[in-house]
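The values are calculated or read from the model by the stated rules, or taken from the named source; none is laboratory data. Everything numeric in this text was worked out from a predicted model, so none of it was measured. Glycine also receives a Cβ, built like all others from the backbone with ideal geometry; neighbour counts cover every protein chain displayed. Heavy atoms of the whole protein, side chains included, go into the accessibility calculation; ligands, DNA and RNA do not. Shrake-Rupley method; radii C 1.70, N 1.55, O 1.52, S 1.80 Å.
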Amino acid sequence: MLDKTFDPKTVEPRLYAKWEASGAFAPTDDPGAEPFSIVIPPPNVTGSLHLGHALNNTLQDILIRFQRMRGKAALWLPGTDHAGIATQMMVEQQLARSGNIGRRELGREAFVEKVWEWKGQYGGAIVRQLRRLGASCDWSRERFTLDDGLSAAVRKVFVTLHKQGLIYRDKRLVNWQPELQTAVSDLEVVNLEVAGQMWRFRYPIEGEAGRFIVVATTRPETMLGDTAVAVHPDDERYRDLVGRKVRLPLVGRLIPIIADDYADPEKGTGAVKITPAHDFNDFRVGQRHGLEAINVFTPDARLNENAPLSYRGLDRFAARKQIVADLDAAGLLEGVDANKMMVPYDEKSKLVVIEPYLTDQWYVDAAALAGPAIRAVEDGRTVFQPKVWEKTYFDWLRHIEPWCVSRQLWWGHRIPAWYGPDGAIFVEETETEAIAAARACFGRDEPLVQDEDVLDTWFSSGLWAFSTFGWPQATRDLQRFYPTGALVTSFDIIFFWVARMMMLGIHFMDGEVPFRKVVINALIRDEQGQKMSKTKGNVVDPLELIDEYGADALRFTVTAMAGQVRDIRLSRQRIEGYRNFGTKLWNAARFCQMNGCERIDGFDPAGVRHVLNRWIRGEALKVWREVTEALEGAAFDEAASALYRFVWNVFCDWHVELAKPLLAGEGEAAAETRAMTAWTLELILKLLHPIMPFMTEELWDATADAGPPRDSMLIVAPWPDLPASHADAAAAAEIGFVIAVIAEGRSVRAELNVPPAAKPPLLALNVSASQRRILEANADAISRLLRISQIRYDAAAGADAVPFLAEGASLALPVAEFIDLAAERARLAKETAALTQEIDRSARKLANADFVARAPEEVVEENRERLAEAQAARDRLDAALKRLDAIG
C-alpha cells in the first residue's frame, strides 16, 4: 500500500542510485535504434547549481527521457568546463588567504598543480547537484575540457587553423583585466552605470597663438596617448582646421586634426580626441587614417615609458588626478561636468575596471568561418526555436570581428606555439614536432620557448559538440551521435558558444552541422519580474527549493513556465502549487490502489463498453497526442499544460469522481472501470515521467504488484502508442454534456454563495431529446456532484430560479430560498467597485505613453496582466449580479 504522502527526501536519492546502477542512463547498444544525442552546455567547474541550470538541464533531461522511452539510443553527454579565468581567480584567492602567496612566486608548474588539486577537491559539486535535479546523463562518458582527449583535440584544431591561415598573431585592442593581467572576452565584461565626470580640455592650435580646440573625455589619463583630434567633415566650425595640427598638452607632441564621420557635431564640442591604443572606436579611426597607436599603460594599468617622466609608474586613477591638476594649472582645463556613464568592469569581481589595451595576441579569422555557419541556418540544416533568435545569430556572424583567443593565464590549454631565438614561430601539436620543424628551418637544433599564454575557454568549448565524442579519432560514438539532435541553451551565449560551435563543427566535421535544433530557453526572474542578482538579494537557491518541495515540483514548475517568448517569473507559491499537483496524482493513485484498480494481463481498452470508459479512452488519446507533439517540437510548457489539465481536471476531477459508484460496485462494468482506470493511471505515469521522473517511477514501482509483472523500470519503459480508433465521438458528447451541466451549475452556486448543504432541483427548461436522454442516464452522477435533489423536465422557471446554459441546453437552479439576496447584492457590488478602481488605475498607467516607454518591460507587462485579470473578474461579478436581478 502506498504511503499517505510522497517523501522526496528519501525517494529521490534511492531512485537515482537505482537508475544509475542499472545502466539506464547509457544509450542502448541496439544497432537498429535511431541515435539521439545532446551534449550538456558544460557548467563551470567552479560553479554550483543556480536556477538557470535547473531550467536548462530540466528541459534537456525531458528530451532525453522522452527519446529514451521512444526506443532511441538516447545519449546525454555530461561534462564541465575548466573556466580559465574564474578557476584561476578562485585558486589565487585561496593561496592569498592561506599564506599570501602569489602565483608568480609559486611558479607556473606548481600553480597549475594547485589548481588540479582544487579541482579534485571542489570541482565535482555541480555534478552532484545535477544528480539531485534528476539529470539522467551518461556519467560514464563525462568529459572535462582539460582532459587528455579534449586537450589533444584543441591542439589539433589550433594547429590546423594556423596552417590554413585562419589563426594568426596580431597587435590589436583587447578588453584587458589589469589585476589578472590578461585579455578577457566580451562575456567577462559587465557595463555598470556610475556617476562619473566629463572633463573639457583646450588643445592649442599650432601656429595660431591663443586659439584652441576643446575636446572632452571621461578618461584624462589616456590623453597622453592621443595621436589626433577628429571633427566631422561637415562641421563648419572646424572646416578651416582640418589638416592642421595641435600641440598635445603635457606631452608636446604635434598631432593632426582629421575629418571623420565618427565625430558627432551634436555631441559636446563636436571635437573628439583620438587615442587608438586605448579606445575601440578610436582604434578603428586610427586604422582608417594611418595613425600611430601609442600605448601609455603597463599590463597592470600604470603609466609606462611612453608617458612623460613625472607620470611614469602612477596608477591610472592617480595619474588621472595629476593630469587634471596639471592641465588646470596650465590654464587648459575648460571645465568639468557631472556625467552618468557606463563603465566596463570585470564580470567576476565587478571591482576592476576593464581597460582597452593594445597588445600582441592570437586571433582566429572568424569572418572566414562565419559564412558556412550562416548558410547552415539559412537553409534550415539547423533551426532555432523560437525562430526569432536567428536574427541575433545572423547579426553577430554577419558583423563578426577577429576572435582574440589568447589569454595571459596559466590555467587552460597552453598555446601550442614555440618561439625560436630570432622570433620565428613554430606552431605544432607537440614540442617534438616543433623542434623538428625548427631543425628543418634552421638546419640545426635551436632552443625553443613555448608561448606562455593559454587559449580562451570558449575555444575549447567551441569544439564540445564533436571533441566530446572522441574527435579527432573516428570513434563509434562520433560516427553514431554526431550531429546531435538538439542543443538547449540560453540566449546570452548565442554569440559566444552556439555560433562558435557552428563555425568550428562545420569546418572540422566535413560541413556537417553540430546540432539539428537550437532551443533557446527563457530567463528566470523573481516573482516581480526582476533579474535575480546577489546585490538585489533576490537569488533563490534551487537546492533549497528541492529540499523544501522536491525535485519534481521544481522541474514541473520551470517546465510549465518555459514558454519561449517570455521570461519566467518564479515564486515559491508557484512551486508549492505544482507540488500540490503531484500530491493530487499521488492521492489518485492511492484511491485507485484502495479500490482495486489493477492492471489486467492482456487488457485492451479498445474493447471497453461503458460510456465513461470510452470517454476517458478518447481523452487519453487526446493528451497522448498533445504531449507527444509538444515534446517532439520542444514546446515544453505545452506538454506540461496538457498533462496538468488531463491529470487534475479530466482524470482526478471527472473520471475518478464519475467512476466512484462503479468502483464501489460489482459486475462487468465495475471490473471494466477498474481495469480502465488502472490503464489510464499507467498512461499518465509514462507521459509525465520525462517531467516528473521521481514520483512517476515510485508510483510505477509501487503499483507493479497490481497486475501482471512489468518488464522494466519506468525510465526505460516504452512510450505509449495509441490508435486513432480510441476516439469515441458519442462518448465524448455524452460525458462532455454531463460535465458542462455540473460545471455551469457549480459556477452559479459559487457566484451566489449557495450553501453546500442546499439541494435545489435542477430545472431542464429547454433541452433536446438527446440531451434529455443523457440527463436521465446520468441523473445519479449529476445529482451527487451538483448537489441537487432531482432533475425536473416539466417545470417552468419561477422568479426564484437562476437560469444558465450548458452546451445550448437551457437549465435553471431555484436558489432564492437558500441565499440572502440583499446581502449578496451588497457583497457583489462592493467587490465590483473595488475591481473597477483597480481597472481604472491600471488603465491610466498603460495609457500613459511616458510610463510605457520608461518603465521596465516586466513592470509594464505586470500591469497589463493585472488589468486583464481584474477585467475578467469584474465580468464574472457582473454576470452574477445579472443572475441575482433575474430572481428579484
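By average Cβ neighbour count within 10 Å, what is the ranking of 435-443, 771-779 from highest down?
Descending packing order for the listed peptides: 771-779, 435-443.
Put +1 on the Cβ of each Lys and Arg and -1 on the Cβ of each Asp and Glu in the chain; which of Ala731, Ala228, Tyr393 then has its Cα farthest toward the positive end of the dipole?
Comparing the listed Cα positions along the dipole, Ala731 ranks first.
Find, to one decimal place in angstroms, the Kirkwood hydrodynamic radius of the chain, where the mean of 1/r is taken over every pair of different Cα atoms and then inverted.
32.8 Å
Which helices, taking whole DSSP H runs in the chain, have alpha carbons extending 20 angstrom or more along the helix axis plus mean Kyte-Doolittle at least 0.5?
668-688, 729-751
Computed over the Cα atoms of the stretch 1-132, what is the convex hull's projected area averaged over all directions, in nm²?
About 11.9 nm², averaged over all directions.
For the chain, with only Lys/Arg (+1) and Asp/Glu (-1) charged at the beta-carbon, what is the dipole magnitude about the Cα centre, in debye rounded to 20?
Magnitude of the dipole: close to 980 debye.
Would you please give the residues with an amide H less than 5 Å from that of Thr484, counting only those at least 5 places away or on a separate chain, with H modeled from the backbone geometry?
Amide H neighbours of Thr484, under 5 Å, 5+ apart: Phe515, Arg516.
Obtain the nm distance between the two label points defined at Glu266 and Ala799 by a simple spin-label model: each point lies 7 Å from its Cα along the Cα-to-C-beta direction.
It is 7.2 nm.
Step through the residues of the stretch 409-420 one at a time and calculate ³J(HN,Hα) from phi using the Karplus curve (6.51 cos²θ - 1.76 cosθ + 1.60, θ = phi - 60°), rounding each to whole Hz and writing x for Gly and Pro.
Running phi through 6.51 cos²θ - 1.76 cosθ + 1.60 with θ = phi - 60° gives 10, 10, 9, x, 7, 5, 5, x, 10, 10, 10, x Hz.
Tell me the relative contact order for the chain as a rounded percent, counting alpha carbon contacts under 8 Å between residues six or more apart.
12 percent
For Asp885, Asp526, give me the order by solvent-accessible area with a 1.4 Å probe, most accessible first, ignoring ligands, DNA and RNA.
The ordering from most to least exposed comes out as Asp885, Asp526.
Given the peptides 50-59, 458-467, arrange them by the average over their residues of other C-beta atoms within 10 Å, most packed first.
458-467, 50-59
If a paramagnetic tag sat 7 Å from the Cα of Ala702 along the Cα-Cβ line, which residues of the stretch 571-598 would have the backbone N under 18 Å from that point?
578-598
Counting pairs of alpha carbon atoms under 8 Å apart in space and at least six apart in sequence, what relative contact order in percent does the stretch 74-158 give?
57 percent
For the stretch 144-250, what D do you get in µm² per second when you plug the Kirkwood radius from alpha-carbon pairs into Stokes-Einstein at 37 °C and 0.692 mPa s?
172 µm²/s
In terms of solvent-accessible area of protein heavy atoms at a 1.4 angstrom probe, what is the ranking of Ile819, Ile600, highest value first?
Ile600, Ile819
Taking amide H positions as placed 1.01 Å from N in the peptide plane, with prolines and chain starts having none, which residues 5 or more places from Leu409, or on another chain, fall under 5 Å of its amide H?
Those lying under 5 Å, H to H, from Leu409 are Val454.
When averaged across all projection directions, what area in nm² does the alpha-carbon convex hull of the stretch 756-888 cover?
10.8 nm²
Give me the Kirkwood hydrodynamic radius of the stretch 78-166, using the inverse of the mean 1/r over all pairs of distinct Cα atoms, in Å to one decimal.
The Cα-based Kirkwood calculation yields 15.4 Å.
Nearest 20 debye, what's the magnitude of the dipole of the stretch 29-95 about its Cα centre given +1 on Lys and Arg Cβ and -1 on Asp and Glu Cβ?
Using only the charged Cβ atoms, the result is roughly 240 debye.
Compute the whole-percent fraction of alpha carbon pairs in the stretch 618-682 spaced more than 16 Å apart.
50 percent
Hey, if you put +1 on the Cβ of every Lys and Arg and -1 on every Asp and Glu Cβ in the chain, which of Leu51, Pro856, Phe201 ends up farthest toward the positive end of that dipole?
Toward the positive end, the furthest listed residue is Pro856.
Can you pull the Kirkwood radius for the stretch 712-783, inverse mean 1/r over Cα pairs, to one decimal in Å?
15.4 Å
Along the charge dipole of the chain, Cβ charges K/R +1 and D/E -1, which of His689, His610, Gly124 sits furthest on the positive end?
Toward the positive end, the furthest listed residue is His610.
Suppose we take every Cα in the stretch 207-308 and form the convex hull; what volume per residue is that in Å³?
Spelled out: Cα convex hull of the stretch 207-308, divided by residues, is 102 Å³.
Give the separation of the Cα centroids, the stretch 44-121 to the stretch 299-322, in Å.
The stretch 44-121 and the stretch 299-322 have Cα centres spaced 38 Å from each other.
For the pair Glu548 and Asp850, how long in nm is the line joining their label points, each one 7 Å along Cα→Cβ?
4.0 nm
In debye to the nearest 20, how big a dipole does the stretch 588-729 give about its Cα centre with +1 on each Lys and Arg Cβ and -1 on each Asp and Glu Cβ?
280 debye
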